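Reading through the structure tokens given below for one structure.
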Amino acid sequence: MDIPTKYEPQRVEKQWYSYWLEHGYFHSEPDEREPYTIVIPPPNVTGVLHMGHMLNNTLQDVLIRRARMLGKNACWVPGTDHASIATEAKVVAKLKAEGISKHSIGREAFLEHAWDWTHNYGGVILEQLKKLGCSCDWNRTKFTMDPDMEQSVIRVFVDLYEQGLIYRGYRMVNWDPEAKTTLSDEEVNYEERQGFLYHVAYPVVGTDQQVVIATTRPETILGDTAVCVHPDDERYTHLHGKQVRVPVCDRVIPIIVDPYVTMEFGTGCLKVTPAHDENDYVLGQKHQLEIIDIFNPDATLNAYGLHYEGMDRFEARKAMAAELEEKGYLVKKETYANKVGTSERTHAVIEPRLSDQWFLKMEELAKPALDAVLKTGDVKLVPSKFDNTYRHWMENIRDWNISRQLWWGQRIPAYYYGPGKDEYVVAETREAALEKAREQSGNASLQAAQLRQDEDVLDTWFSSWLWPISVFGGILEPDNPEVNYYYPTSDLVTGPDILFFWVARMIMAGYHFRQQPPFQTVYLTGLVRDKQRRKMSKSLGNSPDALQLISDFGADGVRVGLLLSAAAGNDLLFDEGLCQQGANFANKVWNAFRLVRGWEVADRPQPEAARLGIAWYRARLSEAVVEIDDHFGKYRISDALMATYKLVWDDFCSWLLEIAKPAYGEPIDRKTYEAVIGLFEDNLRLLHPFMPFLSEEVWQHMAERSPEEALVVAPWPRPEKPDAALLAGFDFTREVISGIRTIRKEKNIAFKEALSLRVLDEEKMGRTWDVLIAKLANVTDIAAVEQAPEGALSFRVRSNEYFVPLQGAIDIAAEISKIREELEYTRGFLASVQKKLANQRFVSNAPDQVVALERKKASDAAAKIETLEKSLANLQ
């Protein structure tokens with residue numbers, strides 16, 4: 001095949017991805033091999049690729065490609081999540097733009113629109129992942145609303161209900177007034193916001209007295225049903241049993257006493273609004289208070305809001321504050337910072353709201369999942385710094401509100417057969433429900449048409465917590481061959497922001513339904529931030545277009561750029577320069593290949609330098625493979641890439657190719673050429689998980705390959721025991737060559753001008769490595785000496801001292817003058833440092849590291865003076 005002069009990522013990526021798909025390399029079926037399984041964290045079905053997806057899926061692809069090369073049966077299951085709240089919001093907005101409201105068309109018609117939206121826009125992100133090079137088993141692609149996936153969720157609901165773990169309750173829940181649905185506690189983010197604290201007077205009935213309460217939400221005064229004081233608060237003992245009038249609405253409410261009130265906080269008087277605060281609700285239940293809900297589902301005020309009916313809650317707050325002030329109830333108003341709950345999805349401020357909801361008891365489910373991470377180690381979090389965060393959440397877990405007031409999602413399989421809210425049965429199908437309802441009601445003539453299914457759907461996370469089991473059919477067929485082979489999966493790669501939403505719940509589901517954890521290791525990535533450490537977001541305009549990056553730098557360039565600074569659990573400070581570095585690396589490898597393939601090959605003896613260089617690189621490669629495998633074993637993927645990068649760029653391109661390269665115009669011997677090609681192939685094996693497209697392109701250019709010989713399924717390099725003496729000898733020789741090159745650079749001596757080298761060989765290195773020094777430093781004459789020769793510049797490598805005679809190569813007089821000048825400066829510098837160190841006050845008061853740094857400066861200056869004096873003596 002012709003070798004293009006430049007690496008062409010767009011052509012290469014299209015060609016090899018099609019080739020991989022055509023030959024089914026990504027597909028997995030159970031067999032006798034050890035499985036290695038990853039399930040993708042399913043992105044929203046209507047989502048598009050962003051930087052977080054790029055990082056997360058690159059890491060997964062690196063792991064799955066390496067596992068495939070290790071001979072494991074690698075299975076990476078892709079798929080998407082139906083994302084109830086996000087998708088429904090998009091469909092509602094689309095219909096609204098067409099002048100259609102969700103409720104005017106009804107549930108069935110709305111779901112048709114939702115499915116149309118999903119079919120039109122869904123799965124785009126999976127196609128984008130292909131451009132990144134992700135080697136998923138696309139034949140296994142799942143969607144959380146696929147019929148079998150939906151049926152799995154329904155069955156789990158029924159099972160858990162029958163086990164007494166799911167119940168229906170009237171509870172205070174987190175209400176998202178924008179999405180008009182409840183949220184679980186984990187879907188609420190708390191952020192500090194600046195507001196006001198209003199001190200409001202409530203007149204005491206039958207007296208001229210008043211009590212003052214403090215509130216951040218004056219609009220909720222209209223829902224007050226009591227004022228509460230502490231029984232031991234002497235300021236209010238005389239008011240026990242009295243009543244007050246609620247400002248504006250003039251409702252008479254009791255003063256109650258309860259130790260719940262903190263006497264020291266504010267005025268010691270608490271307004272009780274059972275419908276709009278969780279703690280007030282508990283107080284209301286205890287004291288049998290009336291519950292007055294003043295809000296509509298969209299957080300506008302209802303009829304209990306009086307003349308504010310229909311007004312938005314925040315507008316009503318301002319208006320109510322103004323009315324309180326106007327009527328003399330407002331005692332004072334002060335700025336106040338408090339934490340406000342907001343919806344993770346819509347960012348709307350959450351309202352506590354009383355509602356009939358479905359809940360899952362969590363305490364029993366949480367225990368084995370807590371033990372798996374913190375006691376038995378069956379599940380390992382990487383990095384382990386997240387263990388304590390996990391512990392805190394799991395030990396303080398609350399029952400999970402699993403119902404959502406939406407239409408898009410798995411509908412709750414509860415069927416009501418009578419007018420009462422407690423007259424219901426739970427069953428997988430309407431037919432099964434009818435049978436249960438007839439039995440439960442004693443009404444044998446009950447008809448299916450009389451059953452009313454619950455209007456709510458299940459929380460999206462209630463389907464995705466089953467993902468590692470349900471994608472293999474393990475809920476509907478618990479003993480099928482696929483789930484028995486692939487489950488538990490191997491690794492999960494995800495972000496710490498969904499450690500509780502998803503990861504912890506999957507662990508709970510795994511133990512409850514299969515008595516096993518769903519995976520062995522959870523690799524938690526950091527967040528992708530910009531150079532200013534800001535989280536990437538559309539609103540800040542700091543999130544680059546992922547596909548444009550691939551277009552600009554190539555998929556491999558972007559993959560390398562992301563991974564170079566992506567240590568597990570640490571945030572990645574993204575810079576496009578990293579992608580440029582990745583693209584430069586791809587070009588380096590490509591140009592190295594073109595160099596090697598450009599050599600003319602001849603049957604001639606192998607030079608000793610080439611033999612030695614190849615022996616060294618084989619040892620260096622083995623050493624690197626051990627290091628890279630160790631990094632992979634510890635999930636230090638970024639370190640594994642850096643070790644590969646240095647091996648290829650520094651050791652292979654900068655050293656081995658220079659050693660092996662034939663003289664200008666000369667052919668290379670066949671033995672060296674074939675060895676270099678073999679070592680290049682080993683490099684490509686190591687590169688493949690990180691740079692799949694480039695590595696496959698070069699691999700296929702190297703030789704005619706059958707589909708069975710493609711790099712994607714080539715074996716991972718197996719290290720031999722590296723020859724330590726060989727490695728140490730080369731490292732020493734490399735320092736010698738660098739020393740000679742430094743002299744050439746400093747004295748402007750061209751490489752084509754051959755030099756001589758003399759050595760005081762205290763290290764007993766012998767003559768083994770002379771051939772490499774001669775070739776790489778253009779030294780024609782190397783000899784050992786007993787004493788320093790005259791007229792030579794010197795440098796040290798450990799105990800050895802090397803001398804480069806310079807007669808005729810440089811102007812000796814000018815060099816002597818230059819050395820004297822440098823010597824005078826260095827002596828002056830040493831004197832100033834010694835003076836500082838002689839100052840007892842400085843040594844006693846300065847930090848230890850500062851004193852240590854000054855001593856090092858003195859030591860380095862003294863060593864430099866010694867070298868300069870020797871060089872001067874040699875030249876005189």
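Under a 1.4 Å probe, what is the accessible area of the stretch 613-728 per residue, stated in Å²?
Value returned for the stretch 613-728: 38 Å² of accessible area per residue.
Run the reach check for LYS745 against aspartates and glutamates, Cα to Cα strictly under 18 Å, same-chain hits fewer than 8 apart removed. What comes back?
Result set, ordered by chain and number: GLU735, GLU753, ASP811, GLU815, GLU822.
Using θ = phi - 60° and the Karplus form 6.51 cos²θ - 1.76 cosθ + 1.60, what ³J(HN,Hα) does each residue of the stretch 834-845 get, whole Hz, x for Gly and Pro?
So the Karplus estimates, Gly and Pro as x, are 5, 4, 5, 6, 7, 7, 4, 5, 5, 5, 6, 9 Hz.
Within the accessible area of the chain, what % is carbon and sulfur when the probe is 1.4 Å and the other protein chains stay in place?
49 percent
Student exercise: in the stretch 1-139, how many lysine pairs 8 or more apart or on different chains have Cα atoms under 25 Å apart?
For the stretch 1-139, the number of qualifying lysine pairs is 9.
Could you name the lysines in cross-link range of LYS332, using Cα to Cα under 30 Å and dropping any fewer than eight places away on the same chain?
Once the sequence-local lysines are set aside, what remains near LYS332 is LYS242, LYS271, LYS318.
Can you pull the accessible area of HIS27 for me, 1.4 Å probe, Å² to the nearest 10?
In the full protein context, HIS27 sits at about 70 Å².
Run the paramagnetic zone check for TYR336: 7 angstrom along Cα to Cβ, then residues of the stretch 251-288 with backbone nitrogen under 13 Å.
Zone members listed by number: 265-272.
Could you pull out every one of the lysines with an alpha carbon less than 26 Å from that of LYS375, ignoring same-chain neighbours closer than 8 positions?
LYS361, LYS367, LYS385, LYS634
With all protein chains present, calculate the accessible area of GLU746 using a 1.4 Å probe and round the result to the nearest 10 Å².
110 Å²
Let me have the 222 nm mean residue ellipticity of the chain computed from DSSP H runs of 4+ only, each contributing -39500 (n - 2.57), with the sum over all residues rounded to the nearest 500.
-13500 deg cm²/dmol
Could you give the accessible area per residue of the stretch 178-217, probe 1.4 Å, as a whole number in Å²?
48 Å²
On a 1.4 Å probe surface of the protein chains, which of THR826, THR429 comes out largest in accessible area, and what is the full order?
The residues order as THR429, THR826, largest area first.
Could you tell me the distance between the Cα centroids of the stretch 579-617 and the stretch 383-423, to the nearest Å?
When both Cα centres are located, 60 Å separates them.
On a 0 to 90 degree scale, rounded to 10, what angle separates helix 608-633 from the longest Cα axis of the chain?
The helix 608-633 is inclined about 20 degrees to the chain.
Within the chain, which is the longest segment containing none of the chymotrypsin sites (Phe, Trp or Tyr not before Pro) that sit in a DSSP loop and have at most 13 other Cβ atoms within 10 Å?
266-663
Hey, what did the stretch 1-160 get for relative contact order, percent, Cα under 8 Å, at least 6 apart?
Relative contact order, the stretch 1-160: 34 percent.
For helix 637-646, report the angle its Cα long axis makes with the longest principal axis of the Cα atoms of the chain; keep it between 0 and 90° and round to the nearest 10°.
The angle comes out near 20 degrees.
Which residues' amide hydrogens lie under 5 Å from the amide hydrogen of ALA74, considering only partners 5 or more residues apart or on another chain, with H built in the peptide plane?
TYR36
Enter the accessible area per residue of the stretch 1-122 (Å², integer; probe 1.4 Å; all protein chains in place).
For the stretch 1-122, the per-residue accessible area is 44 Å².
Roughly how many Å² of ARG398 are accessible to a 1.4 Å probe, to the nearest 10?
Using a 1.4 Å probe on the heavy atoms, I get roughly 120 Å².
Output the relative contact order of the chain, whole-number percent, from Cα pairs under 8 angstrom with separation of 6+ residues. Don't jump to the answer; show the numbers that get you there.
Values: 1465 pairs, mean separation 104.9, N = 876.
Computed value for the chain: 12 percent relative contact order.
Taking R0 as 56 Å, what FRET efficiency do you get between GLN447 and GLN288 from their Cβ-Cβ distance, rounded to the nearest 0.05?
0.85
Measure out, as a whole number of angstrom, how far apart the alpha-carbon centroids of the stretch 812-876 and the stretch 324-370 sit.
67 Å
Once each part is reduced to its C-alpha centroid, what is the distance from the stretch 203-268 to the stretch 752-795 in angstrom?
Rounded to whole Å, the Cα centres lie 96 Å apart.
Which number gives the lysine pairs in the stretch 748-876 that have C-alpha atoms under 27 Å apart and are eight or more places apart or on different chains?
20
What's the local net charge at ALA703, with K and R +1, D and E -1, over the other residues with C-beta under 12 Å away?
Summing Lys and Arg as +1 and Asp and Glu as -1 gives -2.
If I fit a long axis through the Cα atoms of helix 692-702 and take the longest principal axis of the Cα atoms of the chain, what angle between them do I get, 0 to 90°, rounded to 10?
Tilt of helix 692-702: around 30 degrees.
The values are calculated or read from the model by the stated rules, or taken from the named source; none is laboratory data. Computed from a predicted structure; not experimentally measured. FYI the Cβ positions are ideal-geometry reconstructions off the backbone, even for glycines, and counts take in every protein chain you see. Accessible surface is based on the protein model in full, side chains and every heavy atom, while ligands, DNA and RNA are left aside. Shrake-Rupley method; radii C 1.70, N 1.55, O 1.52, S 1.80 Å.
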